[in-house]
């Protein structure tokens with residue numbers, strides 16, 4: 001058993017590395033290759049029994065989401081992010097809301113299911129996946145001016161889905177209005193942003209003293225986990241908090257540059273010899289950890305894949321939900337492009353980046369675990385939506401030529 005486990009671990013890491021090389025040659029994201037490997041290991045051969053690992057989804061999902069969102073924050077340039085923040089917020093809200101409504105009616109039509117639990121499932125399926133969008137953009141559209149917009153949008157979308165699902169299942173005994181849900185979402189985002197800003201300022205100061213010490217990266221990732229957990233305990237958006245925290249660490253010099261010169265000199269004296277610039281060792285170490293996490297996460301998604309068999313209603317719901325996601329994204333991108341004046345040549349990339357992943361799978365599993373009686377196989381629907389949306393993204397990306405408007409070198 002131990003030997004088999006070691007072979008699997010080494011093999012998955014090797015497949016992840018080969019997947020990256022494959023992507024550089026073909027521009028086909030390694031996501032699909034890793035999911036297929038998982039399907040072979042799980043449902044097809046049962047080398048790894050799906051029922052054995054499925055209960056670990058919530059815990060594994062939380063760790064993966066934290067690590068990959070932190071990487072997304074570290075990759076963001078403050079100037080370009082602020083320039084695209086308005087568009088990102090608009091696209092996130094329009095895309096998520098539209099997808100949620102369309103998916104709800106797709107499930108209603110396909111399964112004849114109604115009610116709050118269906119709204120919660122629609123919210124889970126309505127978000128794009130930051131753990132997929134961030135690494136794919138880093139390889140497929142590294143120099144695109146739309147990259148900051150899509151990174152922020154995917155993180156906000158993950159956060160919106162988590163907050164919406166928790167709000168929908170958390171008010172089971174009360175009437176949940178749109179204004180109450182909006183209030184909960186706003187409060188959650190404020191808590192997350194506030195905690196991230198406070199934590200980021202504190203950790204920038206600490207890093208200026210710790211960056212010359214051994215294991216300072218592990219201290220940093222430990223603080224990221226603490227931040228995510230603490231914000232979630234207080235019903236804030238942990239996803240948004242981790243993203244903003246990573247961005248603050250990556251843009252310490254830019255943040256200090258905003259401050260009045262006199263105050264800046266006083267602050268500079270309190271910092272250690274490491275200064276506020278992000279140490280290369282931190283980004284290099286986290287890139288390795290993030291690669292390992294992504295590889296195992298996507299294989300894990302394949303392992304827990306479930307085949308719906310001859311259930312016609314499930315197949316119909318899968319098809320309608322996938323269509324709802326594609327149509328909803330197209331409408332949201334065109335609407336956002338018209339309102340926020342996004343150039344037409346960039347909209348094809350925005351249309352392509354609709355993959356579902358970590359948050360969708362984790363939230364669907366959570367809804368199944370909370371069910372008091374057997375119902376529709378939400379995990380099966382979620383897994384198919386994840387696979388179909390990633391296949392769609394892959395084919396759309398293959399048709400998109402690399403954009404010719406590179407970002408400045410320091411922003412990459």
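The values are calculated or read from the model by the stated rules, or taken from the named source; none is laboratory data. Because the structure is a prediction, the values reported are computed rather than measured. We place every Cβ from the backbone using ideal geometry, glycine too, and count neighbours over all the protein chains shown.
This table checks each residue for (1) at pLDDT 85 or above; (2) crowded, with 22+ Cβ neighbours inside 10 Å.
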{"site": "165", "(1), (2)": "no, yes"}
{"site": "182", "(1), (2)": "no, no"}
{"site": "193", "(1), (2)": "yes, no"}
{"site": "203", "(1), (2)": "yes, no"}
{"site": "245", "(1), (2)": "yes, yes"}
task: Specify the residue that is farthest from residue 294 (Cα to Cα); the eligible residues are those in the range 1-51 that are touching a residue at least 12 places away in the same chain (Cβ under 8 Å), over 21 Å from the mean Cα position of the chain (by Cα) and not in a helix (DSSP H, G or I).
output: 47
message: For a quick check of your reading: which helices (runs of 4 or more DSSP H) sit entirely within the range 312-412 and have at least 2 residues that are at pLDDT 80 or above, surrounded by fewer than 21 Cβ atoms within 10 Å (Cβ to Cβ) and in contact with a helix residue (DSSP H, G or I) (Cβ under 8 Å, 6 or more places away or on another chain)?
response: 312-340, 344-352, 378-399
message: Residues that are at pLDDT below 75, buried (at least 20 other Cβ atoms within 10 Å of the Cβ) and over 15 Å from residue 72 (Cβ atoms): does the range 276-284 have at least one?
response: yes
message: What's the number of the only condition in (1) farther than 21 Å from residue 289 by Cβ; (2) at pLDDT 80 or above that residue 208 fails to meet?
response: (2)
- request: State all residues of the range 113-133 that are part of a helix (DSSP H, G or I) and surrounded by fewer than 24 Cβ atoms within 10 Å (Cβ to Cβ); if no residue qualifies, say none.
  value: 116, 117, 118, 119
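Would you confirm whether any residue within the range 81-93 is assigned to a helix (DSSP H, G or I), under 30 Å from residue 313 (Cβ atoms) and in contact (Cβ under 8 Å) with a residue 24 or more places away in the chain?
Initially, the range 81-93 is screened for residues assigned to a helix (DSSP H, G or I), giving 81-93.
Cutting the leftovers down to under 30 Å from residue 313 (Cβ atoms) gives us none.
No.
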task: Could you tell me which residue of the range 135-148 is surrounded by the most Cβ atoms within 10 Å (Cβ to Cβ), considering only residues that are assigned to a helix (DSSP H, G or I) and modelled with pLDDT of 80 or more?
output: 147
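Residues are listed down the side, and each one gets a yes or a no for (1) under 30 Å from residue 141 (Cα atoms); (2) touching a helix residue (DSSP H, G or I) at 6+ places or on another chain (Cβ under 6 Å):
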residue: 54; (1), (2): no, no
residue: 66; (1), (2): yes, yes
residue: 73; (1), (2): yes, yes
residue: 78; (1), (2): yes, yes
residue: 84; (1), (2): yes, yes
residue: 104; (1), (2): no, yes
residue: 112; (1), (2): no, no
